[in-house]
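To start, the structure itself, in structure tokens.
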Amino acid sequence: LPAAVLLKDTKLMDVKLGQLGSWLAMRDYSPSGILGAMRRGYDRYYNKYINVRKGGLGGISMVLAGYVVLSYAWSYSHVKHDRWRKYH
């Protein structure tokens with residue numbers, strides 16, 4: 001990282017492990033800051049995987065895989081309960 005770039009303005013992938021605590025302390029945890037971070041993440045994902053000239057199934061398959069994992073996580077307690085039930 002150049003010396004002119006502030007730690008606050010660096011991306012997570014560019015932060016060194018020793019700087020991670022101070023980088024996290026500089027983040028904006030207000031509702032507007034969290035919504036802004038989610039919006040930037042969505043825009044980055046959309047521009048990288050969806051809004052491309054020659055697209056593939058990579059972006060859409062990642063969304064579907066995420067949906068499958070989340071739906072299983074939401075219903076895990078019900079699945080776990082049914083696993084121990086005896087059917088006789």
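Observations on the model:
- Calculated FRET efficiency, L57 to L17, Cβ-Cβ distance, R0 = 35 Å: about 0.55 to the nearest 0.05.
- Anisotropy class of segment 7-82 from Cα gyration tensor, a/c 1.5 cut: oblate
- For segment 1-54, trypsin sites (Lys or Arg not before Pro) are listed when DSSP marks them as loop and at most 16 other Cβ atoms sit within 10 Å of their Cβ; the list is K11, K16, R27, R53, K54.
Coordinate-derived values only; no laboratory data. These numbers were taken from a predicted model, which means no experiment stands behind them. Quick reminder, even Gly has a Cβ in these numbers, built from the backbone with ideal geometry, and neighbours come from all protein chains shown.
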